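Notes for the one structure printed next.
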Amino acid sequence: MIITLDSIGENKKAKVVSISGGWGIRQRLGCLGIHPGDIITVKKSAIMRGPILISVHGNQVALGRGVARKVVVEAE
Amino acid sequence: MKIALMGQPNSGKSTIFNHVAGYKAVTSNFPGKTVEYTSSKVNLFGEIFEIVDLPGTYSLTSFDLAELEARKYLLKGNVDVVINVIDASLLSRSLELTLQLLELKLPMVICLNMIDEAERKGIKIDVEKLSKILGVPVVPTIALKGKGVKKLFSMAYKIGEEKGIGKTINFSKDVEEVIAQLSTQIKKKQINQEFNIPERFLALKYLENDSYFMENYEEKSNNLFKKIVHFQNILEETHGRQSDVVISSERHHLSMNIYESVVTLTKPHTSLIDYMDNILMHPLFGYISLGLIFYLFFNLIFSVGKMVEEPLLDYFYRLIPLIGKSINPNTLSFSIISGIIQGLAGGIAIVLPYLFPFLFGLAILEDLGYLPRIAFLLDAFLHKIGLHGKAVIPFILGYGCTVPAIMATRILESERDRFIASVLATMIPCAARMTIIFALVAFYISPQAALAVYILNIIVIIISGKILSRLLPEVTPGMILEIPAYHIPSIKVVLAKTWLRMKEFIFIAWPLLIVGSTILSLLQYYKMDMLVNKFFSPLTSLLGLPVVVGTTLIFGILRKELSMLMLIQAIGTSNVAAAMSTTQIMTFTIFIIFYVPCVATIAVLWKEIGSKRTLFTITFTFVLAVILATITRFVY
């Protein structure tokens, strides 16, 4: 099932398919270890459509909701 | 020999720097705290080294201003050795920067920092193998405890003498072919010589579509530009992705391969601190904890400050009449002496008792790694004022001092966000204004009233943020922020940082304070204060304040805490409550909090957001202060 990262539930894993944003966001996410093919675990989701907290390669990253919507993933 | 510390944010560069240079660079547990480079000359092994602590950068393709600064410094080309500091517990990701640094062909040493933290996480690294693969020395360190730092610098010295450079790690065959062809073209045109960097590095940057190099280049010759586009297209066609994604994925794979070949994974040791996020980042308990932490923090500052302020003030104000017995109170020398004493007293008795517990507590929260968590919790709220979660970091630093807060806005990606965050940061009551809130409002009215001042301040900032983001309607780019692991703060580092920040008050503000009180004494002696007060009388009468307050407002522009201390001197008593009503105390405080930033802030604003916007900020805050203080006069 192909969806965006913001709709993955807490404690669920997903595999990155592509990043639909522009150059800047692709590079930025790449630097934090988020590339197509990487496995992401969603750990927390803040209230009021706030950011999500993910774990990738043993590292925690907070992504704003708008950013998470640009990460296309395959849910496990 | 010039040694530059380069690495990803929060990898411990400043900690290593401080270990050899003394505590000069502020360290904290959040990514991106170093926004400017700090350098220091250090004598090691009988040799003078210039050590440069660069801002952290995730890659050599830079985005924010701090990262750009690091890259620019490195490309300038007069660094003898690069120490690439890596957080060993994040080895695979960190290697992506290492690979780019290797492409620069500079003498380099790798520092595997926080090796203890990596082992705790179950990551065991074969140091020798890593060194063999990359062709550069690798030194494991625990910078916080100083372990391995000496060896690191002796290795850096050796490499600098030998001018030893590492290996070039090759990408997939087809990608290498494209790189080789583009490199040849670049070499033929001698473009790389202008930048003074290896042609392979430049070729990669072109394939990555790096805007800095592309822009610099486009003006020069269109022939090569067409070729770059041609090669980018080749990569896109063969890989089915944008060429920058092809390069970054290649680097990612290489890093993963190196990581897998040098690391053995064992079972991680988890400790209580790893579970803290279950509460501190919880959708409900997270906010309750946030409120509780700040409430306790507020109480700590007040109780410590009050305990010290009362006896000290008493002591100093008994001193002045004593001097009056030996020197005639109507002479010039008495005026000068009492001015100096009042300046000294203000610093010791009024400012320091509140400043120390505040800075100490802030340092603990920073080193623990709590600030990025606040950014996570408040992101949704900050979107309501047109910013995102990361803006919390300059705001919280703003409670310490406005100058570093404005510098910290560099971690924000868009110019508009930086502008809004800078203006709002000037309105946050810094430690100087905090002492006014505590020493006047909390001390003479009540702690609840002081808390109310803080809450009112936050409400005003929210409304101003809303107004500014309406005036500049642009979508904020969205937050991408690393949340580092918690670290138990080291008491030594916390004290060193508190001292570094207090030095600013002791060596800059305090002398100013003493000079200020002496000048006021002189003005009073020659009855010149009347003129100043008369000039300000339209304002003071509008706000319903005593006319003598006029002079203090000028001093407040130099340093905010000056206005309070001058106030005490101007009204001629240390017991403010005797000369001013609670309404007047409140009005005065509200006005001081919001009106015109201090000189140091104006200077840094000028540099960061430009003259026009600085003048806007000054006018905006002045008008706001007058309106709010007038309302306070009639409502409170």
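Of note:
- Across chain A, C-alpha contacts under 8 Å between residues 6 or more apart give a mean separation that, scaled by the residue count, equals a relative contact order of 45 percent.
- Residues of type lysines that B:K129 reaches as a straight line, Cα spacing below 18 Å, ignoring anything fewer than 8 places off in the same chain: B:K167
- Linear extension gain, B:A180 paired with B:R318, 0.36 nm per residue minus alpha-carbon span: 41.5 nm
- Förster radius 51 Å - calculated FRET efficiency between B:E161 and B:I455, Cβ distance, rounded to 0.05: 0.25
- Two-site label geometry, B:K147 and B:I463: point separation in nm, points 7 Å out along Cα→Cβ: 5.5
- Sorting B:K121, B:K24 by the number of Cβ atoms found within 10 Å of their own Cβ, with the fewest placed first, yields B:K24, B:K121.
- Among the GluC sites (Glu not before Pro) in region B:351-419, none is located in a DSSP loop while being surrounded by at most 14 other Cβ atoms within 10 Å of its own Cβ.
- Potential extension, B:V42-B:L495 segment - 0.36 nm per residue separation minus Cα distance: 160.8 nm
- Here A:S7 and B:E310 are evaluated by their C-beta separation; at R0 = 56 Å the FRET efficiency comes out at 0.45.
- Anisotropy class of chain B from Cα gyration tensor, a/c 1.5 cut: prolate
- Spatial separation of Cα centroids for chain A and region B:359-429, in angstrom: 24
- Gain upon complete extension [B:S581, B:L284; 0.36 nm per residue less C-alpha separation]: 102.8 nm
- At most 10 other Cβ within 10 Å, DSSP loop - trypsin sites (Lys or Arg not before Pro), region B:398-453: none
- Computed from Cα atoms, the angle from the helix B:582-594 axis to the main principal axis of chain B rounds to 30 degrees.
- Residues B:S326, B:S243, arranged from fewest to most other Cβ atoms within 10 angstrom of their Cβ, appear as B:S326, B:S243.
- Only aspartates and glutamates eight or more places from B:K384 in sequence, or on another chain, were considered; those with a Cα closer than 17 Å are B:D417, B:E474.
- Unsatisfied cross-links (Cα-Cα over 21 Å) in the set B:K390/B:K466; B:K2/B:K145; B:K121/B:K158; B:K132/B:K267: B:K2/B:K145; B:K121/B:K158; B:K132/B:K267
- Prolate/oblate/rounded label for region B:106-176 (Cα gyration tensor, a/c 1.5): oblate
- Rounded if a/c under 1.5, otherwise prolate or oblate - region B:285-635, Cα gyration tensor axes: prolate
- FRET efficiency for B:S446 and B:T331, using Cβ-Cβ distance with R0 set to 30 Å, rounded to 0.05: 0.15
- Inter-label distance for B:E237 and A:K15, nm, one decimal - labels placed 7 Å from Cα along Cα-to-Cβ: 2.9
- Gap separating the Cα centres of region B:60-93 and region B:312-353, nearest whole Å: 52
- Cα-based reach from B:K325 at 25 Å (exclusive), listing lysines while leaving out same-chain residues under 8 positions away: B:K527
- Check: region A:2-75 dipole with +1 on Lys, Arg Cβ and -1 on Asp, Glu Cβ, in debye: 140
- Our summary gives chain B a relative contact order of 12 percent, counting only alpha carbon pairs under 8 angstrom and 6 or more residues apart.
- Separation between Cα centres of region B:135-184 and region B:266-283, rounded to whole Å: 34
- Among B:M502, B:M566, the order by Cβ neighbours within 10 angstrom, fewest to most, reads B:M502, B:M566.
- HN-Hα J in Hz across region A:4-18 - Karplus 6.51, -1.76, 1.60, θ = phi - 60°, x for Gly and Pro: 9, 4, 5, 9, 7, x, 4, 6, 10, 9, 8, 10, 5, 9, 7
- Residues in region B:369-380 carry Karplus couplings, in order, of x, 7, 4, x, 5, 5, 4, 5, 5, 9, 3, 4 Hz; the curve used is 6.51 cos²θ - 1.76 cosθ + 1.60 with θ = phi - 60°, and Gly or Pro positions show x.
- Among B:V245, B:N209, B:F231 the positive-end extreme of the charge dipole of region B:173-265 (Cβ point charges): B:F231
- Helix B:222-239 axis, angle to chain B major axis (alpha carbon atoms, nearest 10°): 70
- Based on Cα contacts under 8 Å between residues 6+ apart, region B:173-265 shows a relative contact order of 25 percent.
- 18 Å Cα-Cα threshold exceeded, pairs from A:K44/B:K13; B:K105/B:K151; B:K188/B:K226; A:K43/B:K33; B:K189/B:K226; B:K124/B:K151: A:K44/B:K13; B:K105/B:K151; A:K43/B:K33; B:K124/B:K151
- Helix-only [θ]222 nm of chain B, DSSP H runs n ≥ 4, -39500 (n - 2.57) each, per residue, nearest 500: -20000 deg cm²/dmol
- GluC sites (Glu not before Pro) within region B:1-83, DSSP loop, no more than 15 other Cβ atoms inside 10 Å: B:E36
- Only Lys, Arg, Asp and Glu carry charge here, each on its Cβ (+1 for the first two, -1 for the last two); on that basis the protein assembly as shown has a dipole of about 740 debye about its Cα centre.
- In chain B, the longest principal axis of the Cα atoms and the axis of helix B:599-609 are about 30 degrees apart.
Values in this text are rule-based calculations from the coordinates and carry no lab data. Here the structure is a predicted model, which is why all the values come from computation and not from measurement. Cβ: placed from backbone, ideal geometry, glycine included. Neighbour counts: every protein chain shown.
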